[in-house]
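S.K.: Before anything else, here's the structure in question.
The values are calculated or read from the model by the stated rules, or taken from the named source; none is laboratory data. Owing to the predicted nature of the structure, the values given are computational and were not obtained by experimental measurement. Don't worry about glycine lacking a Cβ; one is built from the backbone with ideal geometry, like all the others, and counts go over all protein chains shown.
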Amino acid sequence: MAAWPKNPCVRSRKAEEADEGVGCGPEGPPHRRRNCVRSVFTVVLMASGSTLFAQSPEVSIEMPKETPVLGRFLRPFHLEKRQVAPAKLTNTPRLESLVRSGNLYLSVQDVIALTLENNLDIAVQRYGPFLAREILRRTEGGGILRQVDTPVAPGPTSVSTAGISSNATGLGGGALTAGGGVITAIGPTPPSLDPSIFVQVQAGHSTTPQTNTVLVGTTSLTSSFRSFASGYNQTFITGTNVAFTFVNSRNYVNSSSPLFNPSLSGFFDLTFNQPLLQGFSPAVNNRDIRIARNNMKVSDLLVKLQVATTVSAALNLYWDLVSFNEAVRIKERALAVAQDLFEGNKKQVAIGALAGIEVTRAAAAVSVSKEDLLIAQTNVAQQEIVLKNALNRNGIDNAWLDDVHIIPLDQIEVPKTEEIRPIQDLIQEALANRLEISRDKINLQSQQLALKGDRNGILPSLSAFAEFTNHGLGGPANPLYVSRCAGSQDPIINCGPPNPYFLGGNTSVFAQLFGRAFPDYSAGFSFNIPLRNRAAQADYVTDQLQIRQAELQLQRAMNQVRVDVKTNVIGLQQARSRYETAVASRVLAEQTLDAEQKRFQAGVGSVALVIQAQQGLASTQDAEVQAMANYTHNKISFDLALGRALEVNHISMQEAISGHVGRESVIPANIPPARRPEVRK
């Protein structure tokens, strides 16, 4: 027989008939589950060929198709526009598969599966890891962190009823706060780590009138130019910036002045810039990347926390519905007994064996029983609406679901004994497993990383820079210049022949550039120190104060975990004692009613005492059902307090993240009739 979850208050009829091995096994110990969520998240993205992933993941980012010709050439530039798949607003087929003849048959495992697949709180939280991954991608390119916090929703609650504690002892304040990742924008701005290239092509033409033709040799100076420029720029994680620029230009004028026409020129320029104080060191410049990675871990924890919270809330709804249905059956039996007494009294009055007032008393008891039954039926109807809303994505908007009646297949069963463990062992287990503690520790680590940026921001700015430039010049001899100088005796005009070194086209220019014929060099330091530096000093102290607050908040959270464990242990013990007391009271009430009925039949009792005994039995039966419901709530809260709700309920995070549960839901061939939960005398 398949091993049942550790939760002792669940015993499914379907599980008793299931084959061995059906369902998902519990997750491993904490030290082996440390990277479970991220590994599962990666598997979901890879869309492995297992049966579980026969359906596509609920959240996916689609790459566009490459254009046939330019696709491979544009690929290195990452110009594609990735598209996020539309949100899924339809339910999985599991919900409709469990409906027969207007009834929705649900077991505990079905409730868990439907919650994982259709609950909107979990669906919203599934986007968290994807958001965190994109923020990491942004920081790896040098962008600043963005705020994409997705708070954990507390989950649905049952309708208000007297005597049933829907949240049991509960968890301490702040246990389900959003607590997303850390966002920082203080300190030196992280460098842009994505390299860039630029290309610039320019052409122009101009005509300028000239009043003096001695220098230019024309009254209308016409010039045209073409230029090409390109460059590459990259900043490294150390803060080092490297920029390379190439410029090539061609200029033509209708003048006899220049020796070369058209004239060709070009240069290579290489610059380096290195911060030496502020903005120096990879530990400072990659702090946002490391914080983003921590935020990814936090987003994974928030998914697990949301799953544990929502599933626990859905189970509370289910067990409340079970108890409400049982309360209806109790009220129906009480009404039937009161009706029988009323009919019997009428016959006794008709033959003169009883006074007429006894019929009135019995009729009043019938009216009270009818009112109690109506209240119980109302609770069931309202609870079904709440549970339906939690298990499907369209809420109560589905017309076909509106008329469906929920039939729980599992009944509450309180175990004979409780697992007794030392309280300190339970506390240590909770401190190791509670996701809130792990989240707070990661956020504290991220705040300490951000503090490194604040500390570096206090330093003055000191940068070293260097620039290396190679020049080149060339072109063909200007024919206007040559004809003008031919036979000229004017001493003002320099009519020497052009230097043959520069004669030629772009080949000559590039030869000069690569040969470093005309190099330029420059180097230096730039120093800037702010006076008083109040903003940076205030930021540094502010973040230190916030870290101290975070340390105290972490200690407060750990203290609250200890309180949660102890109060839930006490609550569980009290719930068991209350249940045992309720069982004993119900047994005594049954004996009392039996005795009063016998006395009445023997003629020594009274109708008033019988009615009182009937009402007492109904009251103790109600108390027993409420005690059983309270036990389930306390057990669920106890598992949450220990951080083992996922393990106890056999929840696979792989299935929770994908939104598809591999276990098939099957309605039993012989659906057992509804019955009152078995109680132990």
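S.K.: For the subset of the stretch 539-558 comprising residues that are surrounded by fewer than 12 Cβ atoms within 10 Å (Cβ to Cβ) and hydrophobic (A, V, I, L, M, F, W, C), which member is farthest from HIS471 (Cα to Cα)?
M.R.: LEU552
S.K.: Of the residues LEU131, LEU104, LEU116, which is in a strand (DSSP E or B) and either at pLDDT 90 or above or among the polar types (S, T, N, Q) (or both)? Walk me through it before giving the result.
M.R.: Working: LEU131 fails: in a strand (DSSP E or B); LEU116 fails: in a strand (DSSP E or B).
Matching residue, one of LEU131, LEU104, LEU116: LEU104.
Yes/no per residue for (1) crowded, with 24+ Cβ neighbours inside 10 Å; (2) within 18 Å of ILE407 (Cβ to Cβ); (3) small (Gly, Ala, Ser):
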{"residue": "GLU326", "(1), (2), (3)": "yes, yes, no"}
{"residue": "ARG333", "(1), (2), (3)": "no, no, no"}
{"residue": "VAL337", "(1), (2), (3)": "no, no, no"}
{"residue": "LEU341", "(1), (2), (3)": "no, no, no"}
{"residue": "LEU354", "(1), (2), (3)": "no, no, no"}
{"residue": "ALA362", "(1), (2), (3)": "yes, no, yes"}
{"residue": "GLU371", "(1), (2), (3)": "no, no, no"}
{"residue": "GLU384", "(1), (2), (3)": "no, yes, no"}
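S.K.: Within the stretch 619-639, how many residues are surrounded by fewer than 23 Cβ atoms within 10 Å (Cβ to Cβ) and small (Gly, Ala, Ser)?
M.R.: The number of residues fulfilling the criteria is 2.
S.K.: Count, please, the residues in the stretch 418-435 that happen to be surrounded by fewer than 20 Cβ atoms within 10 Å (Cβ to Cβ) and assigned to a loop (DSSP other than H, G, I, E, B).
M.R.: Looking only at that region, the number is 5.
S.K.: From the set of residues in the stretch 244-275 that are of a type in the set (Gly, Ala, Ser) and out of contact with any helix residue (DSSP H, G or I) (no Cβ under 9 Å at 6 or more places or on another chain), which is farthest from PHE225 (Cα to Cα)? Walk me through how you get there before you give the answer.
M.R.: Initial filter on the stretch 244-275 (of a type in the set (Gly, Ala, Ser)): 249, 255-257, 263, 265-266.
Narrowing the set further to residues that are out of contact with any helix residue (DSSP H, G or I) (no Cβ under 9 Å at 6 or more places or on another chain) leaves 249, 263.
Values: SER249: 7, SER263: 10 Å.
If we take residues in the stretch 244-275 being of a type in the set (Gly, Ala, Ser) and out of contact with any helix residue (DSSP H, G or I) (no Cβ under 9 Å at 6 or more places or on another chain), then SER263 is farthest from PHE225 (Cα to Cα).
S.K.: Oh, and also: Filter the stretch 87-118 for residues that are farther than 14 Å from ASN398 by Cβ and small (Gly, Ala, Ser); which is surrounded by the most Cβ atoms within 10 Å (Cβ to Cβ)?
M.R.: Going through the qualifying residues, I end up with ALA113.
S.K.: Would you check if there is a residue in the stretch 603-616 being out of contact with any strand residue (DSSP E or B) (no Cβ under 6 Å at 6 or more places or on another chain), over 19 Å from GLU413 (Cβ atoms) and at pLDDT 90 or above?
M.R.: For the stretch 603-616, residues out of contact with any strand residue (DSSP E or B) (no Cβ under 6 Å at 6 or more places or on another chain), over 19 Å from GLU413 (Cβ atoms) and at pLDDT 90 or above: absent.
S.K.: So, one more: Do we find a residue being touching a helix residue (DSSP H, G or I) at 6+ places or on another chain (Cβ under 8 Å), over 23 Å from ILE636 (Cβ atoms) and aliphatic (A, V, I, L, M) anywhere in the stretch 404-423? Let's see the steps before the verdict.
M.R.: Step one: of the stretch 404-423, the residues touching a helix residue (DSSP H, G or I) at 6+ places or on another chain (Cβ under 8 Å) are 404-406, 408-412, 414, 418, 423.
Those left that are additionally over 23 Å from ILE636 (Cβ atoms): 404-405.
Filter again for aliphatic (A, V, I, L, M), leaving 404.
For the stretch 404-423, residues touching a helix residue (DSSP H, G or I) at 6+ places or on another chain (Cβ under 8 Å), over 23 Å from ILE636 (Cβ atoms) and aliphatic (A, V, I, L, M): present.
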